[in-house]
1. Closer than 20 Å to Y242 by Cα, touching an Asp or Glu at 6+ places or on another chain (Cβ under 7 Å), not in a helix (DSSP H, G or I) and not polar (S, T, N, Q) - does that describe any residue in the range 129-137?
2. Select from the range 1-52 the residues that are among the acidic types (D, E) and in contact (Cβ under 8 Å) with a residue 12 or more places away in the chain and list them in ascending order.
3. Residues that are under 19 Å from the mean Cα position of the chain (by Cα) and at negative phi, at least 1 per element: which strands (runs of 3 or more DSSP E) completely within the range 39-94 meet that?
4. Only one of these is modelled with pLDDT of 95 or more, surrounded by 13 or more Cβ atoms within 10 Å (Cβ to Cβ) and touching an Asp or Glu at 6+ places or on another chain (Cβ under 7 Å): A226, A233. Name it.
5. For the range 236-270, enumerate the residues that are surrounded by 15 or more Cβ atoms within 10 Å (Cβ to Cβ), of a type in the set (V, I, T) and modelled with pLDDT of 95 or more.
6. Considering only residues that are among the aromatic types (F, W, Y) and under 26 Å from S82 (Cβ atoms), look in the range 177-219 and name the one that is farthest from the chain's Cα centre (by Cα).
7. Going residue by residue through the range 11-25, is there one that turns out to be crowded, with 22+ Cβ neighbours inside 10 Å and assigned to a strand (DSSP E or B)?
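The values are calculated or read from the model by the stated rules, or taken from the named source; none is laboratory data. What you are looking at is a predicted structure, and each value in this text was computed from that prediction instead of being measured. In this analysis, Cβ positions are derived from the backbone assuming ideal geometry, glycine residues included, and neighbour counts consider all displayed protein chains.
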Amino acid sequence: MKNQVKYAVIFGAESGLAKAATEKLVENGFVVFAFDIKYEATVSKGNVTYSHADVTSDSDLSAAFALVSAVTDKVDVISNFSGVVILGSLVELPADHLTKILSVNLVGTYRVNEKFFPLVLNAGGRIINISSEYSRITAIPFHAYYALTKRALDVYNDSLRRELKGSPVSVTAIRPGAFRTNMQAGIIGQFDTLVNETKRYKKPLLKMKSIMLKELDKARSPELFAKTYLKAALKKRPARYYSVNNSFKMKVLSALPATLVDFIFGVYFK
C-alpha cells in the first residue's frame with residue numbers, strides 16, 4: 001500500500017508558482033514534501049509536510065533527504081522552485097551578485113536533483129526543472145544575471161535528460177513567463193533601486209521601465225502555470241520543455257537578426 005502513494009518533493013515551496021503546483025499535486029493524490037528557507041519547523045498539514053531547507057546548504061539538503069527517506073524510498077516528482085532575480089549592470093555590480101544567483105538558481109537545482117536522484121530512480125519518477133522564458137529570448141541589458149542562470153539551466157536540463165535516456169527517469173523543464181507572484185512584485189522595486197543607484201545608465205533605464213511595466217501587466221495567475229506543471233508531472237510522455245505565458249514581444253525581438261537588436265538597444269543608450 002505504501003508504494004501506491006505518489007510522492008513529490010518541492011523546494012522553494014513558498015514561491016507563488018510552487019504553492020500553485022503543490023495544490024495541484026495534492027488535488028491529484030500526491031503526498032508532498034515542501035521545503036523552503038523561510039520555514040523554521042517541520043509541520044504536516046493534510047498531505048503536505050513543510051520543512052526548512054536552503055538549497056545552497058549541503059547539511060540542509062541532507063536533513064531534507066533524511067526526512068523524506070524516513071517515509072518513502074520513492075519520489076515520483078521533484079522540482080526546485082528556489083529562485084533569485086538580480087537586475088543590474090554587468091560593469092556596476094560586484095561579482096558576488098553573480099555568485100549568489102548561480103548558487104541558488106543553477107547550482108541549487110543541481111544539488112537538489114543529485115541528492116534525491118536515488119529516490120527518483122527507485123520510482124522511475126520525473127525531474128521537472130523550473131527554467132524561464134529568459135532562457136530563450138535575446139540578451140536584454142540589465143537582465144543578464146537571471147538569464148545567465150536560466151540558459152545554463154537549459155543546458156543542464158538537456159544534458160541530464162540525454163544522460164538518463166537509458167533509465168526510467170524522465171527529465172523536463174518549464175519556461176514560465178510573467179506570473180502574479182511576490183517575485184514579480186519585487187522586480188519593480190528592484191528596478192527603481194537600480195535607476196536610483198546607477199552611475200552610467202539612468203536615461204536608458206528610465207526608457208526601459210515603461211516597457212518592463214507593460215510586460216509585467218501581462219502577468220497571469222499561477223493557476224495557469226500549475227496546470228502546465230501537472231501536465232509535466234502526469235503525462236505519459238512529457239515534452240522536453242513546456243512554455244507558459246511567454247512574452248510575444250520578446251519572441252519577436254528574439255527572432256530579429258542580432259545586428260538589428262544591437263541597433264535597437266543602441267537607440268535606447270543614446
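1. No, because not a single residue in the range 129-137 is closer than 20 Å to Y242 by Cα, touching an Asp or Glu at 6+ places or on another chain (Cβ under 7 Å), not in a helix (DSSP H, G or I) and not polar (S, T, N, Q).
2. Here is the first cut: in the range 1-52, the ones among the acidic types (D, E) are 14, 23, 27, 36, 40.
Within the range 1-52, E14, E23, D36, E40 qualify.
3. So the answer is 48-52, 77-80.
4. On the way: A233 fails: touching an Asp or Glu at 6+ places or on another chain (Cβ under 7 Å).
So the residue among A226, A233 that is modelled with pLDDT of 95 or more, surrounded by 13 or more Cβ atoms within 10 Å (Cβ to Cβ) and touching an Asp or Glu at 6+ places or on another chain (Cβ under 7 Å) is A226.
5. V244
6. Filtering the range 177-219 down to residues among the aromatic types (F, W, Y) leaves 179, 191, 201.
Add one more test, that the residue is under 26 Å from S82 (Cβ atoms), and what stays is 179, 191.
Details: F179: 12, F191: 20 Å.
Per the stated criteria, the residue is F191.
7. yes
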